[in-house]
Amino acid sequence: MASVEGGKENRSRRDLLGNIQAQVQQRWEDVKIFEANAPIEKDDRPKYFGNFPYPYMNGLLHLGHAFSLSKLEFASAYNRLCGKNVLFPQAFHCTGMPIKACADKLDRELKKYGCPPVFEVEEADVPEAPKTAAAAPVDEVKADPTKFSGKKSKAAAKQGAGASQWEILKKSGIDEEDIPLFRHSSHWLNYFPPRAMNDIKAMGCGVDWRRSFITTDVNKYYDSFIQWQFLTLRKSGKVVKDKRYAVFSPLDDQPCADHDRATGEGVGPQEYTLIKMEALELKGKLAALAGQGRVFLMAATLRPETMYGQTNCWILPEGKYGVFKGLKDELYVMTERSALNLSYQELTPLRGQPEKVLDVTGQDLIGLPVRSPHCPHERVYVLPLLTILTNKGTGVVTSVPSDSPDDYTALQDLKNKPKLRAKYGVEDEWVLPFEVIPIIDIPELGDKAAVTVCEEMKIQSQNDTAKLAAAKDKVYKLGFNEGVLKVGKHAGVRVSEAKPLVKAEMLEAGTALLYSEPEKSVMSRSGDECVVALTDQWYIIYGEEEWRKATEASLAQMETFNEDTRNSFKHCLGWLQQWACSRSFGLGTRLPWDPQYLIESLSDSTIYMAFYTIAHILQRGDMYGNLEGKYGIKPEDMTPAVYDAIFLGKEYSSEGEKGKVPQEAIAEMRREFEYWYPFDLRVSGKDLIQNHLTFALYNHTAIWAERPDLWPRAFRCNGHLLLNAEKMSKSTGNFKTLRDAIYEYGSDAMRWALADAGDGMDDANFETSIANAAILRLTKELAWIEETLAAVNNDSSSLRSGDELTLMADKVFDNEINIAIAQAKAAYDRMLFREALKVAGYNLYNARDVYRQSCGVDGMHGGLIKRFIEVQTKLLTPIIPHTAEHIWINLLKKAGNGEESSSSSNGNSFSILNSGFPQGAEPDYVMQRAAAYVEDLIPSLRKLIQKAETPIKKKGGAGNNNAAATPKVEQCDLIIATQFVGWQEKALLALQQNFNAETKVFTDKALAAATEAVMANDPAAAGMNEKQVKQMVMPFARFKMEEVAKAGPVALEVKLPFDERQLIFDNADYIKRSLKLSNLVVHFNTEATAVEALKAAGVKADVKDAFPGTPVVALSISAASQSS
């Protein structure tokens, strides 16, 4: 529960905001304010269509969803406020394996452990329970696992928080009695989407819910749309059937795409060349293999061209290996994990079932003589290497010490350390005769690059892991890009060209195999570790050259708001290749021409934004598509020809065919699509760039290849959301669902904290303290606004009235409002919502407080303060719409068109949401700078006065009265300068020339240029050496450069853009009142009175120390206090 001023008080404040939220949302619902349609007749309003990737419905929405969603919500609300016709639809994703995997997992738990489940105790983590409290054996649990018995789960222990599906659902707030229903996938589809819709409504998002839908064939309308999309892609040659390598789930028996994964999103297949190193003798444990076939150690390498330099084979002594059946009666020695991968690549007798003949360890293999392709030695030996990772490759590694720093140092260790050889039973003849073989010539590194680099970096052994990593990177990069092969058939050929040639020859000769495995570990949502399988299925040919160029053109014309985002798209377009788009089972849409397959979840979510434009016409606001729209169109009526007419503008005739879609309906749907498309903005987390977002670009350029005007206009990506600077995690408890956050803070305070969390591609941070502070701020502001407007409306004497803004403070505050309008608009236009909040919230609040203080006894101007309330309310409307609407309607009594409302009306006319962005005069930044000068001057003078007025104890013996004197400053003299002169002027001019106004960065030569300018042209430097000039110039130049970081390039001007003396005069009363001064006097540093003032005050300063904006201060103590 939120707590700012004590639990009870802040709950009441939160509840006040909650009541406002409920009333405002009901009002919006009543007038259907967020429903947007394509105009039938001409409409001068620009349109704005934004969308957000439909969230996956395997749980409740959380703050991470809300953060990304808020970017679209703020942008949509801003454009609606600006008078645009805004469409913000939202659907829900159910396609793929996640829901089915969760349902199946729960089903397995209930069948195995009963209902409610009694999980097995893990002895390592849970103490043994007393015998009297022992749980019933699993086999004694009730036979019918679909029936719930008992009010609470009897789970004795868990493998970890949320390890079971039962526990995950329970922690989501689902009653235990209802959990068994979730063993059926259909229940997830019925349970979570409506709750997600309600949570987004409660957040206050301006969604047109008539257009909502869920995916999969449950919604038959959407199902027909996806079928049309894939028929269109296939017709244009973008979908093909082929055998390709894909990350694959053995448990699900189908490819495992990014959204089907629990871990490893974005990981693809890594191709290796398996070098077949034939065992020349079968001794020890391997003797049992005699007569069963040729035995090969299968070494995985990324560098087949280096096999000419082999000196040995490496094995992990403690590693667990197996001997597995291969093709042609061959036997393969490798790890079990790699053998499983191999079995899915048509390289073993049985698919997915590696047949193990023998278990062996690495120690069993040490000393085994092998013959390896392209190796100049007739035989080399298997030797121990302790750094081999058995979760990558096959656990068998070739050794090429000429071009591998790891191999070189490991071989030298064995050669130089007899004890190491003895430890693993390595005989001298297996190691000592084998020297480094030069095979590749690399400029600057020679033909033994690994040796050269290890010596240069002083790498002593294979334990220098950090240095070895750097050495490997250097040797491999230079070797591939610049190296030239010295030996073999392709001697004289660059390595980059020779590599594929050597690999192809080895494959053709049968001395090597192609092998792939995931680049990193991938776990499916069903809970198994994925492999790479050669799958015969349907692929989308992403990466095809002509298609890629069109998609790159789409990216070039698209706004990304951030160069990092654009570069991430470019990188993805550079590597993305064919994508397996079909699955054997799960949830989704069937491939229309091959219905044994389903379309996977990242492939049915690329152009559905187009379906938003017509969904309300087809399904009458029912997200499940169970209701027919106004034309009575059935899902089966939505044939490819109908979609071609709507989305591609093709001719369509319904004459003579029963059940066809009427032309009137075609025309309306066509009008909706042509009006709203292309979409103006898509908001998403940055993690979707590598798949979903890039797929969306590809599919738009394919479906609408002839209509670049329909390609996406903008993508805005953000980082992940931290909660109180920590990663959100259910297991640690640092987690909030969207509905929990709304309950705890109310929507507007939560939205305030979301806006404050951050805007860039870096991870943002939702701070609960900010949300709590927002509750306090908003409720206090409501009270102040109500009180102030009452005073304005009642012509209170505490406020001034009239058309003229007579005080300097009035003009400054009016200008601050104009500046806030301009800066907030610029921030909203660039989707910098934290900046917009800073400007419209924090900065403008501060300006109001300064204005109230500076007016003093004169009081604030009633008309101006009302303008402040109106403008700030509008500026904050995208972020805190409920509070803003309440202020607009109930406190300001405003209608949506900006006029006083005397009567109610229906429709959208009476809401701040579309009342128009506030207008203001051109900002006067000189006035703002002048005002900032005054606000900075007051605290700096206050510090000096406080120091001057500090009581001074009198000196004296024990008999003296040591009462403290009480100094009192009566007068302040300010000595000012009109401009920088002499060497300072020259230094500033030099800094101006070395400052880039666009990048806001000084050149590296800026300080040196300032020094050189003074030395060359100023008399002050005459007789000084360079060191002395630097000592004079550098501190000043650095100070001005630091000022630029705060104030901008105006800090480099030789004159202030305002009259410093007149400014102080105009604000003298305010300054004296703030500092409790009797007198304030201003002198130019060229006047004789300036020197006299310093002498009178006893200040040891020089009038030459006064600079523009930095006066010399002389404080005069009253005579009474001096003599006391």
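Brief remarks on what is shown
- P(r) weight above 16 Å for the range 321-369, C-alpha pairs, percent: 34
- Rounded to the nearest 0.05, the FRET efficiency derived from the C-beta distance between S653 and I174 at R0 = 45 Å is 0.30.
- Candidate cross-link partners of K474 among the lysines, defined by an alpha-carbon separation under 19 Å and a same-chain spacing of 8 or more, comprise K448, K458, K499.
- Solvent exposure of the chain amounts to 44 Å² per residue of accessible area, where only protein heavy atoms count and the probe is 1.4 Å.
- J(HN,Hα) series, the range 426-440, from Karplus relation 6.51 cos²θ - 1.76 cosθ + 1.60, nearest Hz, glycine and proline x: 8, 7, 4, 5, 7, 10, 4, x, 9, 9, 5, 10, x, 10, 10
- Extending 7 Å from Cα along the Cβ direction at E804 and again at N626 yields two label points whose distance is 7.1 nm.
- Under 5 Å from the amide H of S399 lie the amide H atoms of T311, N312, W314, each residue being 5 or more positions distant or on a separate chain, with H modelled from the backbone and absent for Pro and chain starts.
- D_trans [Stokes-Einstein, Kirkwood Rh over alpha-carbon pairs] for the range 980-1054, 20 °C, 1.002 mPa s, µm² s⁻¹: 176
- Burial ranking of peptide ranges 292-299, 799-806 (average Cβ count within 10 Å, highest at the top): 292-299, 799-806
- Simple spin-label estimate for K634 and D528 in nanometres, 7 Å along Cα-Cβ: 4.1
- Computed FRET value (nearest 0.05) for R294 with D43, which takes r as the C-beta separation and R₀ as 51 Å: 0.05
- Against the criterion of solvent-accessible heavy-atom surface with a 1.4 angstrom probe, C102, C972 sort, most first, into C102, C972.
- Rolled with a 1.4 Å probe across the full set of protein chains, the surface gives L414 an accessible area near 0 Å².
- Extended-chain gain in nm, criterion 0.36 nm per residue less alpha-carbon gap, R867 and Q1028: 52.4 nm
- Model label points for K1000 and E559, set 7 angstrom from Cα along the Cα-to-Cβ axis, are 2.0 nm apart.
- Among the listed options [x] 64, 46, 31; [y] 54, 45, 35; [z] 87, 38, 28, the one matching semi-axes √(5λ) of the Cα gyration tensor in Å as calculated from these coordinates is [x].
- Segments 689-696, 417-424, 373-380 sorted - mean Cβ within 10 Å per residue, highest first: 689-696, 373-380, 417-424
- Charges were assigned to the Cβ only: +1 to each Lys and Arg, -1 to each Asp and Glu. The resulting dipole of the chain about its Cα centre is roughly 1600 debye.
- For the range 269-518, size of Cβ-based charge dipole, Lys and Arg +1, Asp and Glu -1, in debye: 360
- Protein accessible area in the chain, 1.4 Å probe - carbon and sulfur %: 50
- If a spin label sat at a point 7 angstrom from the Cα of E1042 along the line to its beta carbon, the backbone N atoms of the range 963-1006 nearer than 17 Å would be those of 1002.
- Cross-link pairs exceeding 26 Å in C-alpha to C-alpha distance, out of K472/K570; K276/K320; K32/K730; K71/K549; K780/K1076, comprise K472/K570; K32/K730; K71/K549; K780/K1076.
- Dipole of the range 780-897, positive direction: furthest Cα of M831, T788, I869, with charges on the beta-carbon: M831
- Note on R27 and A921: the extension gain reaches 318.5 nm, defined as 0.36 nm multiplied by sequence separation minus the Cα-Cα distance.
- Shape category assigned to the range 269-518 from the gyration tensor of Cα positions, a/c cut at 1.5: oblate
- Those residues of the range 273-296 whose amide nitrogen sits under 20 Å from the label point placed on E429, 7 Å along Cα→Cβ: 278-287
- Residues of the range 1024-1059 with amide N under 14 Å of a point placed 7 Å along Cα→Cβ from L989: 1053-1055
- Rounded, prolate or oblate (a/c below 1.5 giving rounded, otherwise prolate when a/b exceeds b/c) for the range 268-333 by Cα gyration tensor: prolate
- Working ranking of peptides 1043-1052, 530-539 by packing, defined as the average number of other Cβ atoms within 10 Å per residue, highest first, is 530-539, 1043-1052.
- For the pair R494 and K520 in one chain, pulling the backbone fully straight at 0.36 nm per residue adds 6.4 nm over the alpha carbon distance.
- Normalised convex hull volume, the range 17-100, alpha-carbon set, Å³ per residue: 143
- The chain - share of DSSP beta bridges that are antiparallel (%, nearest 5): 70
- Shown in residue order for the range 271-282 are the 3J(HN,Hα) couplings computed by the Karplus curve 6.51 cos²θ - 1.76 cosθ + 1.60 at θ = phi - 60°: 8, 10, 9, 8, 7, 8, 9, 7, 6, 8, 9, 10 Hz (x for Gly and Pro).
- Calculated log₁₀ intensity ratio I(q)/I(0) where the Debye formula runs over C-alpha points of the range 64-106, q = 0.16 Å⁻¹: -0.60
- Derived scalar couplings between HN and Hα for the range 44-58 equal 6, 5, x, 9, 9, 10, x, 8, 9, x, 4, x, 7, 9, 10 Hz in order, rounded to whole Hz, by the Karplus curve 6.51 cos²θ - 1.76 cosθ + 1.60 (θ = phi - 60°), x for Gly and Pro.
- The range 476-559 shape via C-alpha gyration tensor axes, a/c threshold 1.5: oblate
- Options F561, Y515, F74, ranked by Cα towards positive dipole end of the chain, top entry (Cβ charges): F74
The values are calculated or read from the model by the stated rules, or taken from the named source; none is laboratory data. This structure is a prediction, so every number in the text was calculated from the model and none was measured. When we count neighbours, we look across all protein chains shown, and the Cβ atoms used for this are built from the backbone with ideal geometry, even at glycine. Heads up: the accessible areas ignore ligands, DNA and RNA and are worked out on the full protein's heavy atoms, side chains in. Shrake-Rupley method; radii C 1.70, N 1.55, O 1.52, S 1.80 Å.
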